Structures are given as C-alpha cells and as structure tokens.
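Taking it in order: structure first as structure tokens, then the write-up.
The values are calculated or read from the model by the stated rules, or taken from the named source; none is laboratory data. None of these values were measured; they are calculated from a predicted model. Virtual Cβ from ideal backbone geometry, glycine too; neighbours counted across all protein chains shown. Protein only, heavy atoms only, side chains kept; ligands, DNA and RNA dropped before computing areas. Shrake-Rupley method; radii C 1.70, N 1.55, O 1.52, S 1.80 Å.
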Amino acid sequence: MCVKVFLADDAEVMRKAIRRLLSDREDIAVVGEAANIRETIQKTAELYPDLIILDVSMVDRNHIALTETKHLLNGAKVLAISFGSDDRTKELLDSVGAVRFLDKMKLADELIPAILELAAAGQTLITSVLPEEYSGG
C-alpha cells in the first residue's frame, strides 16, 4: 500500500525538505503541493490524497472561514504541522479536523512514523504532541 501525501505549506523550503525526507520511501508518494490554502483545496479536489501535511498557520494567514476548511479537503486526513503550539494553534487544529499535530522542529524524526501510523490505523483518531488538555475535535 502506498500512502498518497499532499504537502501544504507556504514556505517552499519546508515543502522541499519534506519532499526530500519522503523521497526514498516506496510506501509514501507525494502527489502534489500547494503554497496556500485555496490552492490546497483546489488541488486536493483533483488529486484525492490520503493525507494532507498542512501548515496550520497557513490556514489562519489566508483568512479562510475556518469552519469551512475541513469540509473542503475531500475527506483526506490532515496531519498538521507548525512551529510550536498555543491556544490559536489548537483552534486551527480543530477547524481543519487534524488527526495529528507535529512540531516542525521534530519532523525529521517523527514525520514518517506518523504517516505510517495514520495509514495503518485507517481511521480518524486524534493523537497529538500538544499539551494534555487538548483533546482535539
């Protein structure tokens, strides 16, 4: 089984780093990428990825109606990434229906295991590296 992954981050250097990190994996294929949330919504409608690796701060900066975002991602699971977390990050995670959150500083060690875990689970299950009081939504 090959997990189809879509990269959504406004920083090209981050998209390239993630692509490079995943490039040697036969069980993970990067099927597309976008630099903003509108492009993400458009391309995921065409590509139907299994998983979207989404910079959650990008959602906020693009002023998309947060409650609308998760309904426009074609049912793909969302693995949210960001530098650190705070109350606003928690709100954004809920708004996009994120099934997992990873700090960008830990992607080299945690991204591939997280992708494979989510693919194996085959279901939406909230797990997070955020403080314990965040239960997801």
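Could you give the length gained on full extension between D109 and Y48, defined as 0.36 nm per residue of separation minus the Cα-Cα distance, in nm? Let's see the in-between values first.
Numbers: separation 61, 0.36 × 61 = 21.96 nm, distance 2.63 nm.
The span from D109 to Y48 would gain 19.3 nm if fully extended.
Could you calculate the FRET efficiency of D87 with C2 from 1/(1 + (r/R0)^6), where r is the beta carbon distance between them and R0 is 41 Å, rounded to 0.05?
Between D87 and C2 the formula returns 0.65.
L21 label point, 7 Å along Cα→Cβ, cut-off 14 Å on backbone N: hits in segment 74-92?
Output list for this probe position: 79-84.
Once ligands and nucleic acids are excluded and a 1.4 Å probe is used, how much of V30 is accessible, expressed in Å² to the nearest 10?
Estimated to the nearest 10 Å², V30 gives 40 Å².
Could you tell me which of rounded, prolate or oblate describes segment 1-43, using a ≥ b ≥ c as the square roots of the eigenvalues of the alpha-carbon gyration tensor, with rounded for a/c under 1.5 and, failing that, prolate when a/b is larger than b/c and oblate otherwise?
Judged from the Cα gyration tensor, segment 1-43 comes out oblate (a/c at least 1.5, b/c at or above a/b).
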